[in-house]
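So the structure is just underneath, and the comments pick up after that.
The values are calculated or read from the model by the stated rules, or taken from the named source; none is laboratory data. Note that this is a predicted model, so its numbers are computed, not measured. Here the Cβ positions follow ideal geometry from the backbone for every residue, glycine too, while neighbour counts run over all protein chains shown. For accessibility, only protein heavy atoms count, side chains too; no ligands or nucleic acids. Shrake-Rupley method; radii C 1.70, N 1.55, O 1.52, S 1.80 Å.
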Amino acid sequence: MSAIGSLKKHRIVWVWGQITSQLRSELIAFWGETGALTDPCEAWRRTFEVASVVRNADGRIVGVSSVYCAYSPGAGALYWFYRTFIREDSRDVGLAPRLFAHTYEQLALAYAGEAQAPVGMMIVVENPKLETAAGIRVIQRAGFQHLGIDEHGQSVWHRLFLS
């Protein structure tokens, strides 16, 4: 596990494929404490999708990015579907975009160019704050293109890996 990205008082650590039982316990506790995932079985399952963790100056987990690979019928290709959660008291300006960029860069390095690999990352916007003009600007600055609205009324965005 290496600390690749950082922002002020936070350290972003790439953990994809390196989740230990201790880290798994930390993640389950983090999600439970914050109310992000209250079902411990679902939290355990999700630990296998964690790509990066954000740690504060004390070494506590304050944020997580996760991805899962799935086919997008609307886009006609495999994508990494991206999710993120940052503890409310740690949501510093710029942290979420940096966490996204870090996860995108690491996945692109690891898999871009492989014939059967996902072609990019996709997000389904569940947070209404990201549906504001300011939120949309942040998503666009991160290099995303809007694909449309899904069957649940949520915006779907994607960013392809560079070839």
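Tabulated results
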quantity: Share of carbon and sulfur in the accessible heavy-atom surface of region 24-91 [1.4 Å probe, %]; calculated: 53 percent
quantity: For the chain, built as a Gaussian network whose Cα springs stay under 10 Å, the top-fluctuating residue of D39, D150, D58; calculated: D58
quantity: Qualifying GluC sites (Glu not before Pro) in region 56-163, DSSP loop, other Cβ atoms within 10 Å at most 15; calculated: E114, E126, E151
quantity: Nitroxide proxy distance, nm - points 7 Å out along Cα→Cβ at A112 and D92; calculated: 2.6 nm
quantity: Mean accessible surface per residue for the chain, computed with a 1.4 Å probe while every protein chain stays in place, in Å²; calculated: 55 Å²
quantity: Principal axes of the chain: Cα extent on each, largest first, Å; calculated: 40, 36, 32
quantity: Length released on extending from C69 to A101, taking residue separation times 0.36 nm less the Cα-Cα span; calculated: 9.8 nm
quantity: GNM top mover of I139, I149, I86 - the chain, alpha-carbon springs below 10 Å; calculated: I149
quantity: Rounded to the nearest 20 debye, dipole of the chain from Cβ charges on Lys, Arg, Asp, Glu; calculated: 520 debye
quantity: DSSP bridge orientation in region 1-157 - percent antiparallel, rounded to nearest 5; calculated: 95 percent
quantity: Cα pair count fraction exceeding 17 Å, expressed as % - region 59-153; calculated: 54 percent
quantity: Region 3-84: radius of gyration and largest Cα-Cα distance (Dmax), Å; calculated: 13.7, 43
quantity: Rounded, prolate or oblate (a/c below 1.5 giving rounded, otherwise prolate when a/b exceeds b/c) for region 119-163 by Cα gyration tensor; calculated: oblate
quantity: Using alpha-carbon coordinates, inclination of helix 95-111 to the longest axis of the chain, degrees; calculated: 70 degrees
quantity: Förster radius 41 Å - calculated FRET efficiency between L162 and R60 (Cβ-Cβ, nearest 0.05); calculated: 0.75
quantity: Among 46-56, 17-27, 89-99, the order from most to least packed when residues are scored by Cβ within 10 Å on average; calculated: 46-56, 89-99, 17-27
quantity: 0 to 90° range, to nearest 10: angle between helix 21-34 axis and the chain longest Cα axis; calculated: 80 degrees
quantity: Length-normalised contact order of region 11-160 in % [C-alpha pairs under 8 Å, at least 6 apart]; calculated: 17 percent
